[in-house]
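Structure, as structure tokens:
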Amino acid sequence: MKASPADIDRTRGLEERTERKQASVYDNVTRQFDKAADLVKLDPNIRKILAMTTNEIIVNFPVKMDDGRIEMFTGYRVQHNSALGPFKGGLRFHPAVDIDEVRALATWMTWKSAITNIPFGGAKGGIQLDPFKYSYSELERITRRFTFALGNNIGPEYDIPAPDVNTTPQIMAWILDTYLSTMPPHERQRCTHVVTGKPIESGGSLGRDKATGQGVVFTIEEWAKDNGFELRGATYTVQGFGNVGSWAARLMNQHGSKLIAVEDVSGAISNPDGIDPDDAVEYASKNKGLISGYPKAKPIDRKTLLQTQADIFIPAALENQITADTAPLLKVKLVAEGANGPTDPDGDRVLQQRGIDVIPDILCNAGGVIVSYFEWLQNKRSEFWELEEVDCKLHKKIVSAYARVRDTAKKFNTDWRTAAYIVALSCLERVYKERGIFP
Ligand code: NAD
């Protein structure tokens, strides 16, 4: 699977995105953290602990390519905090993966688990590579060798990876198989919860594929109720049409809302009369996962997508998309952050000044980690839950997290992102105070 024209387009997007990233994502986390920690007067000692990661693992490892060459890869796993439970967070395969990005993503995972009352800590990892440049069997060997290189730095009761950008249930199955193969035979059957987001037959949970998009839509429903806003007939735009973006789009469609523009790495398209998300997903599935060339919409540029007048914008791609430069372009009432870190602190300020509501990432996209937790529990108990049970439990958890953040925003008279941080930091502060610091 070497570069076809579609792949070249995709690669161009990735390069562009790498340039766009420029600003340190971890600096954004630090600025968000400082704002909330000041406001809630976080204990200075606990502040020192939470401002740092616990472990940062970097592995360089060789992989044999299809043509017999050896290529070296760099993989990361950052474990931010485990006060509430085992480290938990996705793995990303992308050329822009670096220690700064992984640190930021790991830290957000800690806050996310704390906000949703899940007994997990925060971690994240990935490999710096463009997965579209490798064949299927090369990707399998890269994944397996990365898992082997991580060794006991991951584990079912210690650190549990999951899918993220460009990683799939298939990749999780390879991680599972590799991890189990390195265990003594009598221990293998009790370790299937070493990774979540697995294919169903390999121990995955029903509802995990749509969980993050489902969570995004559950939080939008709550926002609509709070604001007396009618979702039927509402318009929305989506940036990123992968796992999170496509599921959020499909589930919004079930409310009778209308998708009018969508962007992925191959470009953006629009149709004011509405784009059928199910049809667009089917088209993309036959077009290497890309929406470019979709015949029932017209191509637009990225700026036009951001300027499209709609009720709701769902960023579901990468970080630093809504900045001081792009936030003034948005003509929406609500930004529901499916992606991690799509808005930088300067972008946040502009959105606040313009009265645009934001459901922040660490609340909005928490559906993924919530259902990962359900998958982990099912594996530990050798259970298999019905989809209704998964959806119902997800709804309960994310709606109560939403209410905690909303009420905290009111109490502290602050924006929702800062409120979400306050919920997380207050929870972690309580735990550290109860337990004290060893020795
Ligand atoms: P994915 O790989 O399935 O999809 C990513 C999408 O973004 C693709 O459609 C891709 O074409 C698009 N994209 C990439 N670069 C782009 C660019 N420069 N401009 C526009 N679109 C671009 O990944 P995903 O799992 O859907 O993750 C998307 C976001 O959601 C990430 O920020 C991820 O961290 C976050 N997230 C994912 C999960 C999950 O369960 N998968 C959970 C929580 C948060």
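The values are calculated or read from the model by the stated rules, or taken from the named source; none is laboratory data. On a predicted model such as this, the values are computed, not experimentally measured, just so you know. Quick reminder, even Gly has a Cβ in these numbers, built from the backbone with ideal geometry, and neighbours come from all protein chains shown. Side chains included, ligands, DNA and RNA excluded: accessible areas come from the protein's heavy atoms. Shrake-Rupley method; radii C 1.70, N 1.55, O 1.52, S 1.80 Å.
Within the listed set P131, P185, P360, the residue fluctuating most in the Gaussian network model of the chain (springs between alpha-carbon atoms under 10 angstrom) is P185. With each label modelled as a point 7 angstrom along the Cα→C-beta vector, the L387-V431 pair spans 3.3 nm. D27 sits with roughly 90 Å² accessible to a 1.4 Å probe, with DNA, RNA and ligands left out of the calculation. If I build a Gaussian network model for the chain, linking alpha-carbon pairs within less than 10 angstrom, which residue out of D98, D264, D43 has the largest mean-square fluctuation? Looking only at D98, D264, D43, the biggest GNM fluctuation is shown by D43. This model, with +1 at the C-beta of Lys and Arg and -1 at the C-beta of Asp and Glu, gives segment 55-201 a dipole about its Cα centre of some 220 debye.
Here the scattering of the chain is modelled by Debye summation over its C-alpha atoms, one equal scatterer each and no solvent; at q = 0.14 Å⁻¹ the log10 of I(q)/I(0) is -1.38.
Of R47, R69, the order by accessible heavy-atom surface (1.4 Å probe, DNA, RNA and ligands excluded), from most exposed downward, is R69, R47.
Cross-link partners of K64 among aspartates and glutamates, defined as those whose alpha carbon lies under 14 angstrom from its own and excluding same-chain residues fewer than eight positions apart: E138, E140. Shown for segment 55-201 is the translational diffusion coefficient from the Stokes-Einstein equation, using the Kirkwood radius over Cα pairs, a temperature of 10 °C and a viscosity of 1.306 mPa s: 104 µm²/s.
Computed over the chain with a Gaussian network model linking Cα atoms closer than 10 Å, the most mobile of E56, E282, E319 is E282.
With each run of n ≥ 4 DSSP H residues scored as -39500 (n - 2.57), what mean residue ellipticity at 222 nm is computed for the chain after dividing by its residue count and rounding to the nearest 500 deg cm²/dmol? Don't skip to the end; give the middle numbers.
On the way: 15 runs with 199 residues, N = 439.
Helix contribution divided over all residues of the chain: -14500 deg cm²/dmol.
For the set K88/K210; K48/K88; K258/K331; K133/K258; K333/K410, the pairs lying more than 23 angstrom apart at their alpha carbons are K133/K258. Since only T107, N60, P295 are under comparison, the one whose Cα sits farthest along the positive direction of the charge dipole of the chain, derived from C-beta charges on Lys, Arg, Asp and Glu, is T107.
Hey, which aspartates and glutamates would be in cross-link range of K35, C-alpha to C-alpha under 17 Å, not counting anything within fewer than 8 residues on its own chain? Result set, ordered by chain and number: D27, D43, D344, D346, D348, D361, D415, E429.
For segment 119-194, the list of chymotrypsin sites (Phe, Trp or Tyr not before Pro) that fall in a loop by DSSP and count at most 10 other C-beta atoms within 10 angstrom is empty.
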